[in-house]
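Quick one: the structure is below, questions incoming.
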Amino acid sequence: MAIPVIEMGNLKGNEKERFMAEMGKACEEVGFFQLKGHSVPLELMERVKKVCSEHYNRVREPKFKTESVPVKLLNKSLTEAELSNSSEPKKVENVDWEDCFVLQYAQEDYPWPSEPSEFKETMMEFGKEITKLAETLLEILSENLGLEKGYLKTTLAGGDGPDDKAFFGTKISHYPPCPRPELVEGLRAHTDAGGLILLFQDDEVGGLQVLDNTGRWIDAPPMKDTLVIDIGDQLEAISNGRYRSAWHRVLATDNGNRMSVASFYNPSFDAVISPAPQLLLQPKEGSELSLYPKFVFGDYMNVYAQQKFLPKEPRFQAVTALQY
Ligand SMILES: O=C(O)CCC(=O)C(=O)O
Ligand SMILES: [Fe+2]
């Protein structure tokens, strides 16, 4: 199975029907797709790429090379192998060969990077465009699930009051060239905790892989002007398992510095998440059966912080045990 590539198009008439069907199928079967012909201006994506890589080169790269945990741990493993003369270097576990930080658009005192000078303005513009696209996709996914148009947006916002708002953030990552990519992973396998993830990935250096439903890792290859979209654990829960929050990982590479800009459209921390009532299974006796519990997203995130690289099922069990 390959990651579907889907053209968004103008969302009118038959085109909308086609898009909704293709996107629904991808969310059910793979949990990932590559989106072409989306609404984010391509010239803005070029500017995002430029400010993110300039920021990395000027500010972050020197620190990654000298101070970062993955570099220190890999060097330690290589040195130990050398000193012991015979043994192969040990794999470096529990760490990612990644440099990253998360933009918090809504935080008033967020310390925005000052280099390059157009960083904040560019990323704010990008954040607005990605939010708009995320909300359009959520409307279409709601319809595809047979729910009212605003269902997913309102659920992620935790209500439709003036203060109810989804959490939106952007994680900017670089996966620098790694001298021994067989000894460490770029980003260990995990499923995403939140709602809908919109990923602007490098158009040259690959490495992102998704676990398909037959248990094989498949590549999400670099594709210019496209965005990778994926389903997080919360959309799996709200859809009562119809959409799939898939395992994915990033392989380290010894050539190229891969960039990825992942935006998370997540529930607000106090949003109550549960399967949509219309999607609960109806067992023979007529009583409703839910596969996923009802829980507060902030509690799920507390569990996720400890168990990100483990299966999602125990996370759902842990929040079930909290009893609301
Ligand atoms: O860098 C990527 O392509 C994937 C990043 C990712 O999966 C994550 O941050 O959750
Ligand atoms: Fe992820």
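The values are calculated or read from the model by the stated rules, or taken from the named source; none is laboratory data. Quick caveat, the model's predicted, so the values are computed rather than measured. Backbone-built Cβ (ideal geometry, glycine too); neighbour counts: all protein chains shown.
For GLY146, are the conditions met, namely being surrounded by 12 or more Cβ atoms within 10 Å (Cβ to Cβ) and at positive phi? Steps first, answer last, please.
Numbers: surrounded by 12 or more Cβ atoms within 10 Å (Cβ to Cβ): no; at positive phi: yes.
It is false that GLY146 is surrounded by 12 or more Cβ atoms within 10 Å (Cβ to Cβ) and at positive phi.
State the number of residues belonging to the stretch 91-130 that are in a helix (DSSP H, G or I) and more than 29 Å from CYS178 (Cβ to Cβ). Working first, answer last.
Keep residues of the stretch 91-130 that are in a helix (DSSP H, G or I), which gives 119-130.
Those left that are additionally more than 29 Å from CYS178 (Cβ to Cβ): 120-121, 124-125, 127-129.
Total satisfying the criteria: 7.
Condition check ((1) at pLDDT 95 or above; (2) assigned to a loop (DSSP other than H, G, I, E, B)) across all residues:
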residue: MET1; (1), (2): no, yes
residue: PHE19; (1), (2): yes, no
residue: PHE33; (1), (2): yes, no
residue: HIS38; (1), (2): yes, yes
residue: HIS55; (1), (2): yes, no
residue: ARG58; (1), (2): yes, no
residue: ALA81; (1), (2): no, no
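Can you pull out the residues in the stretch 151-187 that are crowded, with 19+ Cβ neighbours inside 10 Å, within 15 Å of ligand 1 (Cβ to nearest atom) and among the small types (Gly, Ala, Ser)?
Answer for the stretch 151-187, where residues must be crowded, with 19+ Cβ neighbours inside 10 Å, within 15 Å of ligand 1 (Cβ to nearest atom) and among the small types (Gly, Ala, Ser): SER173, GLY186.
Any idea which of PHE269, PHE200 is aromatic (Phe, Trp, Tyr), away from ligand 2 (no atom under 16 Å from the Cβ) and touching a strand residue (DSSP E or B) at 6+ places or on another chain (Cβ under 9 Å)? Write out each step before concluding.
Values: PHE200 fails: away from ligand 2 (no atom under 16 Å from the Cβ).
None of the others qualify; the one that does is PHE269.
Which members of the stretch 258-280 meet the condition of being farther than 30 Å from GLU185 by Cα and among the aliphatic types (A, V, I, L, M)?
ALA271, VAL272, ILE273, ALA276, LEU279, LEU280
Here is a further query. Of everything in the stretch 240-266 that's within 16 Å of ligand 2 (Cβ to nearest atom) and over 22 Å from SER173 (Cβ atoms), which residue is farthest from the chain's Cα centre (by Cα)?
Of everything passing the filter in the stretch 240-266, TYR243 is farthest from the chain's Cα centre (by Cα).
Further, regarding this structure: What is the one condition in (1) more than 25 Å from LYS128 (Cβ to Cβ); (2) of a type outside the set (Gly, Ala, Ser); (3) in contact (Cβ under 8 Å) with a residue 40 or more places away in the chain that LYS72 does not satisfy?
Every condition holds for LYS72 apart from (3).
Can LYS153 be described as more than 16 Å from ligand 2 (Cβ to nearest atom) and either assigned to a loop (DSSP other than H, G, I, E, B) or at pLDDT below 95 (or both)?
Against the criterion (more than 16 Å from ligand 2 (Cβ to nearest atom) and either assigned to a loop (DSSP other than H, G, I, E, B) or at pLDDT below 95 (or both)), LYS153 does not qualify.
Another one. Sort out which residues of the stretch 102-139 are among the hydrophobic types (A, V, I, L, M, F, W, C), in contact with a helix residue (DSSP H, G or I) (Cβ under 8 Å, 6 or more places away or on another chain) and within 24 Å of ARG258 (Cβ to Cβ), and write them in order of number.
LEU103, TRP112, PHE119, MET123, PHE126
Given the structure, is GLU129 acidic (Asp, Glu) and surrounded by 12 or more Cβ atoms within 10 Å (Cβ to Cβ)?
For GLU129, the condition - acidic (Asp, Glu) and surrounded by 12 or more Cβ atoms within 10 Å (Cβ to Cβ) - is met.
Please pick out the residue among PRO277, PRO293, PRO283 that is at pLDDT below 95, touching an Asp or Glu at 6+ places or on another chain (Cβ under 9 Å) and not small (Gly, Ala, Ser).
PRO277
Being surrounded by 14 or more Cβ atoms within 10 Å (Cβ to Cβ) and free of Cβ contacts under 8 Å to residues at least 40 places away in the same chain: is that true of PHE264 here? Steps first, please.
Values: surrounded by 14 or more Cβ atoms within 10 Å (Cβ to Cβ): yes; free of Cβ contacts under 8 Å to residues at least 40 places away in the same chain: no.
No.
Quick grid of which residues meet (1) without any contact (Cβ under 8 Å) to a residue 40 or more places away in the chain; (2) over 30 Å from ASN144 (Cα atoms); (3) surrounded by 12 or more Cβ atoms within 10 Å (Cβ to Cβ); (4) not hydroxyl-bearing (Ser, Thr, Tyr):
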{"position": "ASN14", "(1), (2), (3), (4)": "yes, no, no, yes"}
{"position": "GLU29", "(1), (2), (3), (4)": "no, no, yes, yes"}
{"position": "GLU43", "(1), (2), (3), (4)": "yes, yes, no, yes"}
{"position": "ARG47", "(1), (2), (3), (4)": "no, yes, yes, yes"}
{"position": "GLU80", "(1), (2), (3), (4)": "yes, yes, yes, yes"}
{"position": "TRP97", "(1), (2), (3), (4)": "no, yes, yes, yes"}
{"position": "GLU108", "(1), (2), (3), (4)": "yes, yes, no, yes"}
{"position": "SER114", "(1), (2), (3), (4)": "yes, yes, no, no"}
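Can you pull out the residues in the stretch 132-143 that are away from ligand 2 (no atom under 16 Å from the Cβ) and surrounded by 14 or more Cβ atoms within 10 Å (Cβ to Cβ)?
The answer is LEU133, GLU135, THR136, LEU137, LEU138, GLU139, ILE140, LEU141, SER142, GLU143.
Can you tell me which residue in the stretch 188-217 is surrounded by the most Cβ atoms within 10 Å (Cβ to Cβ), limited to those that are of a type in the set (Gly, Ala, Ser) and farther than 25 Å from THR154 by Cβ? Working first, answer last.
First, pick out the residues of the stretch 188-217 that are of a type in the set (Gly, Ala, Ser): 189, 193-195, 206-207, 215.
Pick out the ones that are also farther than 25 Å from THR154 by Cβ and you get 189, 206-207, 215.
Values: ALA189: 16, GLY206: 18, GLY207: 24, GLY215: 7.
Selected residue: GLY207.
OK, next. I'd like the full set of residues that are in a loop (DSSP other than H, G, I, E, B) and among the aliphatic types (A, V, I, L, M), limited to the stretch 170-194.
Selection gives LEU183, VAL184, ALA193.
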